[in-house]
Amino acid sequence: MALPVLLLLGFVAAALAPAVVRVGPRASGLVLGLVPLGLTVGLATLVPAALSDTPPTFHMDWVPELGIAFTLRADGLALLMALLITGLGTLIVVYAGEYLKDHPRLGGFQGWLLLFMASMLGLVLADNGLLLYVFWELTTVSSFFLIGFENEKEEARQAALRALLVTVLGGQALLLGLLLMGWVAGTLTLSELPAAAPALREGPFSLAILLLVLGGAFTKSAQVPFHFWLPGAMAAPTPASAYLHAATMVKAGVYLLARLSPVLGGTPVWQGMLVAAGLVTMVGGALLSFGQTDMKRVLAYATVSVLGTLVLLLGLGTAEAAQAMVVYLVAHAFYKGSLFLVTGMVDHGAGTRELPRLGGLARAMPLTGSAAGLAALSMMGLPPLFGFIGKELVYESSLHTPGGWGLGAGVALGFVLLVGTALRTGVRPFLGPPGGEGTVHEAGPALWVPSLLLAAGGLVLGLMPGLAEPLLARAASDIAGPEGGHLELSLWHGLTPALGLSVASLALGGAAFALREPLRRALGALRLERWGAERLYHLSVSGMVRLADTQTRVLQNGSLHRYTFVTVGTLVGLLALALVSRVRWLQLPEEELRFYEVVLLILLVLPALAAVRTRSVLTAVISLGVVGLSEALVYVLLGAPDLALTQVVVQTLTVILFALVFSRFPVPAHRERDSRVWDVALSVAAGGVITWALMNITAQPRHTELAQTYAARSAGEAHGLNIVNTILVDFRALDTMGETTVLATAGLGVFLLFRRRRPGSPV
């Protein structure tokens, strides 16, 4: 199946989801789940081609003048992410149909969920930088509505806004980085950028490009100090949390770094920033998870930790680290997706997500407990789960780098805390002492089957890693070159230092679990919310609100006179600045003034002065009418009788309307002398600058290329001898139609306002 067809199906399904839910709400999850299932099958058929040196591609010119094309490419890395997105999406859509079956806005939720899936699919398949950015922002918008789905809750609204602000700011940085990268490389095609890697890594803009790209990736993938939005996003319904934060949205930044590793990687700055940010995020996220008691927030901070691990591996830049990254990415998607779904079932069955109140659920929820146990074992890194293979590769890749034991110790600390988190969320609620909750019941098949399938998937891949090995190897080679393709996955690597660290992390993780309460109290005593990144975010938002409030009081003070003064003054200042910057000093025309031109000048100036000086509104209107008729004489003398006729008609109607309307207005109040002085100064400045600009315009050569083009094409192509008419009617027909439509709409609006006025009320 062609790549654009696969992509289009996702967007079509998103548009039709509300209608499907209205027709059959009970079966809507299963019906809509067929779409991502079909996409998964279609993508799976592309695996043989992706493993070759000529992966499936699609190209269609979009804006070729700017180098923008609708280009899709399904190489190993893109296809691996796409299969995770659609495969996990299938289970999430089915789960959501049952989890929110009684929600009145289930159709909208499923629509946003499928839109997010299609956007993520477009993001990973895009082979053009600007196309990738379009899908990047689509994921931001759709995730905003998913996080804030329960918009009646203040927590959900604030969480959605926080996620939107942080990720949009990062997206703007990414856009600048992609544009700058395309300018330096001469292409926006991502698969062509590695050929320009030397210029991008060593050129004068290399640091700017790197910082802008990292800004986009770090905000999307919740790296410290941008990590705080992710736990807050747990205000979303559980299906959204599982989908956005297990294998998709938060992995977009990691995918971007992996995609650009052959282009920007390998430099000391790249390695230093990614390793430092990844290690701090890995340890910090795992540590912060111990300060939480809500299951979803605990898992959210654990996700932050894993994202740090993936970024750290990309920073190491070796083939072994790339292999560890893709393996651990898949392992995390399976076990974390399952644990999030389990959290939803626990909340559904026990009525709470608070860990201290949960225990002994295995008897009442055996299927849910089985899924949680398998997922927790994979998260802990126990054989024969796939998480064990991923953890071993992470240890080996960190130990095989300069200063490896120091880095390995930091990685081990992160894994120690993750082991404790796995015991807290996947084991204790089911095997621990009863928490004293009321009636607990097992969830329906549509809820426990998706979580159990994900957990079982980790077991199957652990026992038979060869199933995923070819695609994982190809993805690693897309990141680190041909060396990354030499991947051999197995449960037993011998007695190695990595195995020793793995055993030690399990033992120390058990100790951390036993000391979870002292750890939680210690973290609470630190009061990180008072000086952490989230506090800075709140201070920034409050500062912007105060600035906006102050600005509004100054600018929007209710004075029409001040609004006009500020608007005209700004325009005059900008025009004067443009003229000065171009050194366009006053250029007087060479022709001498004729007698009739002097008379016209007097006819223009004297009525204008009269309009300014009079205290009568009617006199001012008539004076302005004289100015308009004098302008018509100017058009006649310059050989434009059609414009003169138009001016006379418009001016006559204007004077009549003004006379009818303004005659009912009260006489303007006398204003202070200072106010009048400022008005006179602004008027003189405006007139002077406009005159300055017109003098420069008329002093330029009149026979321009554009004028010659219109003159040559008017008679031959537009069949008109009046160039102005042909420009308006033929060359700028759409513009003229738009202006006519605006005038007609405005007239209709005025007519309707008069029709709706109350009987007896003044006009």
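The values are calculated or read from the model by the stated rules, or taken from the named source; none is laboratory data. Nothing here was measured: the structure is a model prediction, and the numbers come from that model. All Cβ positions, even for glycine, are placed from backbone atoms using ideal geometry, and neighbour counts span all protein chains on display. The area values use the complete protein model at the heavy-atom level, side chains included, leaving out ligands, DNA and RNA. Shrake-Rupley method; radii C 1.70, N 1.55, O 1.52, S 1.80 Å.
Structural remarks
- Highlighted here are the helices (runs of 4 or more DSSP H) found entirely within segment 654-763 that include at least 2 residues which are at pLDDT below 75: 673-698, 733-756.
- Residue selected from segment 512-526 under the condition part of a helix (DSSP H, G or I) and free of Cβ contacts under 8 Å to residues at least 12 places away in the same chain, by the criterion most open to solvent (accessible area, probe 1.4 Å): Arg521
- Complete set of residues in segment 127-162 that are under 17 Å from Ala235 (Cβ atoms), among the charged types (D, E, K, R) and in contact (Cβ under 8 Å) with a residue 12 or more places away in the chain: Glu150, Lys153, Glu155, Arg162
- Which listed residue, of Pro497, Pro482, is open to solvent by 30 Å² or more (accessible area, probe 1.4 Å) and within 30 Å of Arg259 (Cα to Cα): Pro482
- Among residues of segment 394-414, those that are open to solvent by 10 Å² or more (accessible area, probe 1.4 Å), of a type in the set (A, V, I, L, M) and either touching a residue at least 24 places away in the same chain (Cβ under 8 Å) or in contact with a His (Cβ under 6 Å, 6 or more places away or on another chain) (or both), counted: 4
- Here Thr425 meets each of (1) more than 35 Å from the chain's Cα centre (by Cα); (2) closer than 24 Å to Ile92 by Cα; (3) modelled with pLDDT of 90 or more with one exception, condition (1).
- All positions within segment 236-252 that are under 15 Å from the mean Cα position of the chain (by Cα) and in contact (Cβ under 8 Å) with a residue 60 or more places away in the chain: Leu244, Thr248, Met249, Lys251, Ala252
- Picking from residues in segment 709-736 that are without any contact (Cβ under 8 Å) to a residue 40 or more places away in the chain and within 18 Å of Thr646 (Cα to Cα), the one that is least open to solvent (accessible area, probe 1.4 Å) is Thr726.
- Considering Ala498, Ala507, the condition of being more than 41 Å from the chain's Cα centre (by Cα), in a helix (DSSP H, G or I) and among the hydrophobic types (A, V, I, L, M, F, W, C) is satisfied by Ala507 alone.
- Restricting attention to segment 439-448, the residues that are open to solvent by 50 Å² or more (accessible area, probe 1.4 Å) and in a helix (DSSP H, G or I) total 2.
- Number of the exception - Leu310 against (1) within 24 Å of the chain's Cα centre (by Cα); (2) surrounded by fewer than 24 Cβ atoms within 10 Å (Cβ to Cβ); (3) among the hydrophobic types (A, V, I, L, M, F, W, C); (4) over 17 Å from Leu210 (Cβ atoms): (2)
- Here Leu43 fulfils each of the conditions (1) farther than 20 Å from Phe135 by Cβ; (2) part of a helix (DSSP H, G or I) apart from (1).
- Going through (1) open to solvent by 20 Å² or more (accessible area, probe 1.4 Å); (2) under 19 Å from Leu413 (Cβ atoms) one by one, Gly387 falls short only on (1).
- Qualifying position, being open to solvent by 10 Å² or more (accessible area, probe 1.4 Å) and part of a helix (DSSP H, G or I), among Val93, Val35: Val35
- Output for segment 487-530, where each listed residue is of a type in the set (Lys, Arg) and closer than 18 Å to Asp294 by Cα: Arg516, Arg520, Arg521, Arg527
- Whichever residue in segment 61-89 is touching a residue at least 12 places away in the same chain (Cβ under 8 Å) and in a strand (DSSP E or B) and, among such residues, is most open to solvent (accessible area, probe 1.4 Å): Trp62
- Qualifying position, being of a type outside the set (A, V, I, L, M, F, W, C) and within 25 Å of Ser261 (Cα to Cα), among Arg26, Arg105, Arg73, Arg22: Arg73
- Residues of segment 17-30 that are surrounded by fewer than 18 Cβ atoms within 10 Å (Cβ to Cβ) and of a type in the set (A, V, I, L, M, F, W, C): Ala19, Val23, Ala27, Leu30.
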